[in-house]
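Chemist: Mind looking over this structure? Questions follow.
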Amino acid sequence: MLIRQEIEEREVKNLSKYAVQASKSRGRKLPEQADDYRTAFQRDRDKIIHCKAFRRLKHKTQVFISPVEDHYRTRLTHTLEVAQIARTIARALRLNEDLAEAIALAHDLGHTPFGHAGEFVLDDILKTNYGRRFYHNEQSVRVVEVIEKDGQGLNLCWEIIDGIRSHTPDDPQPATLEGRIVRLADRFAYLRHDIEDAIRAGVLTEDQLPKKFMKTLTNNILDRVVESIVTNSREKPELKMDKDVLAAVDGLYDFMYENVYTNPAAKKEESKVPELLTQLFRHYHYDAAFQSGVGQADQVQHTVDFIAGMTDRYAITKFVELFVPNEWRHDH
């Protein structure tokens, strides 16, 4: 108890007035006994690291589908890079590192196999057939609130749930500056590492990168954007960047969208994803054994949870097992 008090007192002393103190969290849905050595946000970070969905991220696509080569990013390495960037910014701004890290580590737990291609397929299935939508951020919230720990959920603090739900650009801003940091760190991370992976894959060359944006961002994009945020946001209730840096980030993203994210060479395998996931969805949704014990009203969600939780390799394995005939062998 005394150690926890020391930790909480240190937070009060060291954090900005705009930071969220763990002791001032809006709390959890279910009360928990306080930990003697960790704040509430540290405890939640550790819950996330130890959960099953976090481990599965290592075999989920970031940009290049199910890469065999070891050095391409996966959804797990992307998540770790987001957490690193978020912690750096949070520490420099004297915000709560533990809160930012926990949000970052959990933000993509609900992501589908095959990256955004898989997300679009599930969304299309639900929209066309069931009048519903699929968004990976909402599924991430469902993972930590409902699915993990055999249906008990992780019982995370409100601020972490808010940051997970609001990490995508189409959503309202997170309620905390720590959540807003993660939202920016997510974009910076994938922009920088997607450039590296695209060059490694031969989809881009360094000479093709737009010089007018690279001149502003320099060769070390992350250092430049972090510096811009920290310089413009210290002891302020909002996050700001230099206008030229923000314009360069937006311009570089548009370039990547046109030349990598929709590039036929980089995305040629994605054309196979709709058939694969649609067949898997149809099979499991109408499989009596799979739906055994699940009420009629919950069967669509049960199927969605299962498909969204698959890794790339598991989805491919199940597709082959279910829909690709084995060779006939007559053993004597």
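The values are calculated or read from the model by the stated rules, or taken from the named source; none is laboratory data. Being a predicted model, the structure only gives us computed values, none of them experimental. Ideal geometry is used to build each Cβ from the backbone, glycine not excepted, and the neighbour counts take in all protein chains shown.
Chemist: Output yes when any residue across segment 124-147 is small (Gly, Ala, Ser) and under 30 Å from Tyr18 (Cβ atoms), and no when none is.
Modeler: yes
Chemist: Return the only residue of Ala297, Ala289, Ala247 being under 30 Å from Lys211 (Cβ atoms) and either surrounded by fewer than 16 Cβ atoms within 10 Å (Cβ to Cβ) or out of contact with any helix residue (DSSP H, G or I) (no Cβ under 8 Å at 6 or more places or on another chain) (or both).
Modeler: Testing whether each residue is under 30 Å from Lys211 (Cβ atoms) and either surrounded by fewer than 16 Cβ atoms within 10 Å (Cβ to Cβ) or out of contact with any helix residue (DSSP H, G or I) (no Cβ under 8 Å at 6 or more places or on another chain) (or both) leaves just Ala247.
Chemist: Still on this structure, I have one more. Based on this model, can you work out whether Val146 counts as without any contact (Cβ under 8 Å) to a residue 24 or more places away in the chain and more than 14 Å from the chain's Cα centre (by Cα)?
Modeler: Answer is yes for this residue.
Chemist: Still on this model: Output the residues belonging to segment 186-210 that are surrounded by fewer than 18 Cβ atoms within 10 Å (Cβ to Cβ) and either acidic (Asp, Glu) or farther than 23 Å from Asp108 by Cβ (or both).
Modeler: Residues satisfying the conditions are Glu196, Ile199, Gly202, Thr205, Glu206, Asp207, Gln208, Pro210.
Chemist: How many residues does segment 162-185 hold that are under 13 Å from the mean Cα position of the chain (by Cα), surrounded by fewer than 24 Cβ atoms within 10 Å (Cβ to Cβ), at pLDDT 95 or above and not basic (Lys, Arg)?
Modeler: Looking only at that region, the number is 2.
Chemist: Of the numbered conditions (1) in contact (Cβ under 8 Å) with a residue 40 or more places away in the chain; (2) touching a Lys or Arg at 6+ places or on another chain (Cβ under 6 Å), Leu109 fails exactly one; give the number of that condition.
Modeler: Status for Leu109: all satisfied but (2).
Chemist: (1) under 20 Å from Lys60 (Cβ atoms); (2) at pLDDT below 95; (3) within 15 Å of the chain's Cα centre (by Cα): which one isn't true of Ala198, the others all being true?
Modeler: (3)
Chemist: While we're here: Could you name every one of the helices (runs of 4 or more DSSP H) located completely within segment 1-118 that has at least 3 residues being surrounded by fewer than 23 Cβ atoms within 10 Å (Cβ to Cβ)?
Modeler: Qualifying helices (runs of 4 or more DSSP H): 2-14, 40-49, 52-56, 75-92.
Chemist: Which is out of contact with any Lys or Arg (no Cβ under 6 Å at 6 or more places or on another chain), surrounded by 15 or more Cβ atoms within 10 Å (Cβ to Cβ) and not in a helix (DSSP H, G or I), of Phe213, Phe134?
Modeler: Just one listed residue meets the conditions, Phe134.
Chemist: Here is a follow-up. Is it true that some residue in segment 252-259 is among the polar types (S, T, N, Q), modelled with pLDDT of 95 or more and out of contact with any Ser or Thr (no Cβ under 9 Å at 6 or more places or on another chain)?
Modeler: No, because not a single residue in segment 252-259 is among the polar types (S, T, N, Q), modelled with pLDDT of 95 or more and out of contact with any Ser or Thr (no Cβ under 9 Å at 6 or more places or on another chain).
Chemist: Could you grab me the full set of residues in segment 175-196 that are in a helix (DSSP H, G or I) and of a type in the set (Ser, Thr, Tyr)?
Modeler: Of everything in segment 175-196, just one residue is in a helix (DSSP H, G or I) and of a type in the set (Ser, Thr, Tyr), namely Tyr190.
Chemist: Given (1) more than 28 Å from Lys47 (Cα to Cα); (2) in a helix (DSSP H, G or I), where does Ile160 come up short, assuming only one miss?
Modeler: It is condition (1) that Ile160 fails.
Chemist: Yes or no: Val304 in contact with a Ser or Thr (Cβ under 9 Å, 6 or more places away or on another chain) and within 30 Å of Leu184 (Cβ to Cβ)?
Modeler: No: the conditions fail for Val304.
Chemist: For segment 227-238, enumerate the residues that are touching a residue at least 40 places away in the same chain (Cβ under 8 Å) and either buried (at least 19 other Cβ atoms within 10 Å of the Cβ) or basic (Lys, Arg) (or both).
Modeler: Once the filter is applied, which keeps residues that are touching a residue at least 40 places away in the same chain (Cβ under 8 Å) and either buried (at least 19 other Cβ atoms within 10 Å of the Cβ) or basic (Lys, Arg) (or both), segment 227-238 yields Ile229, Ser233, Arg234, Lys236.
Chemist: If only one of Thr231, Thr317 is assigned to a helix (DSSP H, G or I), more than 22 Å from the chain's Cα centre (by Cα), of a type in the set (Ser, Thr, Tyr) and farther than 24 Å from Arg75 by Cβ, which one is it?
Modeler: Thr231
Chemist: Out of Thr79, Thr39, I need the residue that is in contact (Cβ under 8 Å) with a residue 12 or more places away in the chain, among the polar types (S, T, N, Q) and closer than 23 Å to Ala315 by Cβ. Which one?
Modeler: Unique residue meeting the criteria: Thr79.
Chemist: Could you tell me which of the residues Gly163, Gly110 is of a type outside the set (Val, Ile, Thr) and within 19 Å of Ala22 (Cβ to Cβ)?
Modeler: Gly163
Chemist: Now a separate question. Within segment 288-314, can you find the residues that are under 24 Å from Asn137 (Cα atoms), part of a helix (DSSP H, G or I) and not β-branched (Val, Ile, Thr)?
Modeler: Selection gives Ala297, Asp298, Gln299, Gln301, His302, Asp305, Phe306, Ala308, Gly309, Asp312, Arg313, Tyr314.
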